[in-house]
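First the structure, in the form of structure tokens, and then the observations on it.
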Amino acid sequence: MQAPERRDAVRLEREGDIAVIVIDNPPVNAGSAAVRAGLLAAIETVRDDERLHGAVLIGAGTTFIAGSDLREFGQPLAEPQLPTVIRAIEDCGKPVVAALHGAALGGGFELALGCDARVASPGTVVGLPEVTLGIIPGAGGTQRLPRIVGIPRAIGMVCSGERVHSAAALAAGLIDAEVEGDLRAAAVAHARQMAGCKQRLRDRAVPMADAGAVADATAAALKVGKRRPAVQAAIDAITATAHAPFDEGLAQERAVFQHLRVSREAAALRHQFFAERDSARHPSLDGAGPRAVQCVAVIGAGTMGSGIAIAALEAGHDVLLLEQDAAALERGATRIHAHYAGRVQSGKVKAAVAVAAACEARLTASLDWTRLAEADLVIEAVFEDLAVKQQVFQRIDHLARPGAVLASNTSYLDLEAIAAATFRPQDVIGLHFFSPAHVMRLMEVVRGTVSAPDALATGLAVARKLRKLPLLTGNAFGFVGNRLYAAYRRQCEFMVEEGAWPEQVDAALEAYGFAMGPFAVADLSGLDIAWRMRKAQAATRDPAARYVHIADRLCEAGRLGRKTGAGYYRYADGASRPQVDAAVHDLITQVRCDKGLSPRTLTDGEIQRRALLALVNEAALLLAEGVAERATDVDVALVNGYGFPRWEGGPVFWARERGAAALQADLDELAALSGQGFVRGDVAVLLDGVVCDEGH
Ligand code: NAD
């Protein structure tokens, strides 16, 4: 091998007559202007150098190209752009083999599809996740992929952003070979063996597709993708391959990509991407490493405890499930068993059956609390009652081994008051899961003033192992998520009191993109929990503060939500679909009358704006109080835990877009409409240091 010809992010090395073009742009070899320029120059060398008969593209480090550098996407793209690089590969007259390991995603996989062959190490993932970022593949992905897998499968893959593992990729023809051992050597051999022969996907015909299969794939993609513009655009681009000549399809795809790239929706989705990435940075933990966790004890086998147990089992942990009595333990164990029985029944592959069996084998349901000594992490999920939780923590303190991390799943209670029940408050943290705990991605990791950094680091590491998105929060009533949601719901109640019906508020917010409106959510979770809390807080509430009595009246009438067949809506004969109920309108009218309020009409626009402003205001308060670490954590919480539409970015994204002056005026208006008791936040803290939406 000769000395490498060094370039910035790409270098060309020679193995006899084959060029090995190494992409070296740590940490994940993201496609960038420098990478594209380096690749183009290297391909031109391959084309012009008669001693070279082919080339291999390979990534340095642990991956091929894991995606494009998204920071470039909000600005004009620098030349050369990716289609130019791929065109050069196609036109260079010599075979180019993509050697894939780690991830080949987005532009990385499009580059690979532009090569003449693809070989991959076992465990490689390939895919085109662009649609999840509000764009479509823009460098031929929608045109080349259907030439391998056909139109229906291409629609499914692109619209869902599916990541395909190497074994499945081989079966689908997305890669030509899976190679154990030395990837680079295998790819060089592959290129040499192709001996001057080009195998461009552009020259391949698109397999004939059954119209019914295309229609089914389209309908499924639109449903799952909530009819977002990028989903429809991807479908259009892929189905065009059935009739459009390759270059025409390519040009059309590029035009749509360029248009979507600068759209608001794509900017919002990129904002959310960066917000999630940033939420994983915790300078305050100062590099503290997590403690080792294999055995997780879950105390309380109710709704949350059983979900938490399932999540921990699926992450490979041994789980010890403890309860106060045999009947409750039995109910929890049955719930977990039913989950796995369901999985086995729907399991298309034997693997699902084996996984379910392995998970169940790692579960111990017991009433013997002395076994707590085996646990590395204890997660308490008993009733939301401080005295009960303190008692349970005292008992845990007696039995758990020194160094075990002790966590509470409390939704609202003071973590420090819970920790004070132990002689080791430094080991106590909050791990606030969302319901259903084995499904929801968000998890708040709550920090008490004396929580040890390595206990918190353990919580964060376990969360990630459970495939959750952890958010580090301060210890304050409702932490970040429930505190935001309470402000949002309060504002929605104000709007009902002023004249909107609950169903109108729900419809307006669902039209905005929320998965469910706040009153339908309240019915689903049950109105009694909040009622109990309001009663507990009654003595300390400012009597002059505005208070909406509607929920109390509903509860007093026995309307506790779906479980009682009635709440803000009626659920007739066990039906789960909410039905508007005249009795609720009468009750609301009465409440308005009691306060001497004349109802007025609120537009959907006003409802949406006030709901957003309430969230923005609460975000400012949370940030000022240090409960949220950074402004964008608010957007992460709402999108991943509360059904806020990802494609709208989040309230902080919206606030930054609106700008300081407009926001101040908006909040003046909100404060006036909300009346006595409204605490105004300083929104400047949300806008501080923002250069542009992608200034990361
Ligand atoms: P649940 O009523 O379904 O389950 C609580 C379980 O704890 C019951 O099985 C009960 O037998 C057991 N338990 C009570 N006291 C006990 C004790 N002293 N020792 C052992 N076990 C005891 O309640 P849940 O909805 O699962 O909520 C549990 C916790 O999770 C609460 O703190 C709640 O605030 C929190 N949480 C709930 C949700 C939700 O949506 N349900 C979401 C997030 C967090």
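From the list 66, 34, 30, the lone residue that is under 32 Å from the mean Cα position of the chain (by Cα), surrounded by fewer than 17 Cβ atoms within 10 Å (Cβ to Cβ) and hydrophobic (A, V, I, L, M, F, W, C) is 34.
For the range 326-338, the set of residues classified as in contact (Cβ under 8 Å) with a residue 12 or more places away in the chain, away from the ligand (no atom under 11 Å from the Cβ) and surrounded by fewer than 16 Cβ atoms within 10 Å (Cβ to Cβ) consists of 337 only.
I'd like the full set of residues that are surrounded by fewer than 23 Cβ atoms within 10 Å (Cβ to Cβ) and not hydroxyl-bearing (Ser, Thr, Tyr), limited to the range 449-459.
Pass one, the range 449-459, residues surrounded by fewer than 23 Cβ atoms within 10 Å (Cβ to Cβ): 449-450, 452-454, 457.
Residues satisfying the conditions are 450, 452, 453, 454, 457.
Scan the range 97-107 for residues that are out of contact with any His (no Cβ under 7 Å at 6 or more places or on another chain) and either more than 18 Å from residue 250 (Cβ to Cβ) or part of a loop (DSSP other than H, G, I, E, B) (or both) and jot them down. Within the range 97-107, 98, 99, 100, 101, 102, 103, 104, 105, 106 qualify.
Considering the conditions (1) more than 22 Å from the chain's Cα centre (by Cα); (2) part of a helix (DSSP H, G or I); (3) modelled with pLDDT of 95 or more, residue 600 is excluded by exactly one of them, (2). Note on the range 69-107: among residues that are at pLDDT 95 or above and within 22 Å of the chain's Cα centre (by Cα), the one that is farthest from residue 147 (Cα to Cα) is 102. Taken as a whole, the range 339-362 holds at least one residue that is crowded, with 18+ Cβ neighbours inside 10 Å and free of Cβ contacts under 8 Å to residues at least 40 places away in the same chain. Note on the range 194-290: enclosed helices (runs of 4 or more DSSP H) holding 2 or more residues that are surrounded by fewer than 15 Cβ atoms within 10 Å (Cβ to Cβ) and of a type in the set (Lys, Arg) are 264-279.
The residues of the range 291-307 that are assigned to a loop (DSSP other than H, G, I, E, B) and within 16 Å of the ligand (Cβ to nearest atom), listed by number, are 300, 301, 302.
Could you tell me whether residue 518 is within 26 Å of residue 644 (Cα to Cα), in the same structural domain as residue 675 (by TED's automatic domain parsing) and in contact with a Cys (Cβ under 6 Å, 6 or more places away or on another chain)?
On the way: within 26 Å of residue 644 (Cα to Cα): yes; in the same structural domain as residue 675 (by TED's automatic domain parsing): yes; in contact with a Cys (Cβ under 6 Å, 6 or more places away or on another chain): yes.
Taking the combined requirement at face value, the residue satisfies it.
Kindly provide the set of residues from the range 624-644 that are of a type in the set (A, V, I, L, M, F, W, C), surrounded by 20 or more Cβ atoms within 10 Å (Cβ to Cβ) and over 14 Å from residue 279 (Cα atoms), ordered by number.
Restricting attention to the range 624-644, the residues satisfying the condition of being of a type in the set (A, V, I, L, M, F, W, C) are 624, 627-628, 631, 634, 636-639, 644.
Within this subset, residues satisfying the condition of being surrounded by 20 or more Cβ atoms within 10 Å (Cβ to Cβ) are 627-628, 631, 634, 636-639, 644.
Scanning the range 624-644 gives a single hit, 644.
If you check 113, 40 for being buried (at least 24 other Cβ atoms within 10 Å of the Cβ) and out of contact with any strand residue (DSSP E or B) (no Cβ under 7 Å at 6 or more places or on another chain), only one passes: 113.
Here is a yes/no grid of residues against (1) at pLDDT below 95; (2) within 28 Å of the chain's Cα centre (by Cα):
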{"position": "518", "(1), (2)": "no, yes"}
{"position": "530", "(1), (2)": "yes, yes"}
{"position": "533", "(1), (2)": "yes, no"}
{"position": "542", "(1), (2)": "yes, no"}
{"position": "558", "(1), (2)": "no, no"}
{"position": "572", "(1), (2)": "yes, no"}
{"position": "582", "(1), (2)": "no, no"}
{"position": "591", "(1), (2)": "no, no"}
{"position": "619", "(1), (2)": "no, yes"}
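In the set (1) assigned to a helix (DSSP H, G or I); (2) at pLDDT 95 or above, residue 354 fails one condition alone, (2). Take the residues in the range 424-436 that are assigned to a loop (DSSP other than H, G, I, E, B) and farther than 17 Å from residue 473 by Cβ, then tell me which one is nearest to the ligand (Cβ to nearest atom). The qualifying residue nearest to the ligand (Cβ to nearest atom) is 435.
Output the residue which, of all residues in the range 374-423 that are assigned to a helix (DSSP H, G or I) and away from the ligand (no atom under 12 Å from the Cβ), is farthest from residue 315 (Cα to Cα). For the range 374-423, the residue satisfying everything is 417.
From the list 649, 641, the lone residue that is in contact with a Phe, Trp or Tyr (Cβ under 6 Å, 6 or more places away or on another chain) and not basic (Lys, Arg) is 641. Taking into account only those residues within the range 308-325 that are among the charged types (D, E, K, R) and not in a helix (DSSP H, G or I), which is nearest to the ligand (Cβ to nearest atom)? Residue satisfying both the conditions and the ranking: 323.
The values are calculated or read from the model by the stated rules, or taken from the named source; none is laboratory data. Quantities reported herein were computed from a predicted structural model and do not represent experimental measurements. Reconstructed Cβ throughout: ideal geometry from the backbone, glycine too, with neighbour counts over all protein chains shown.
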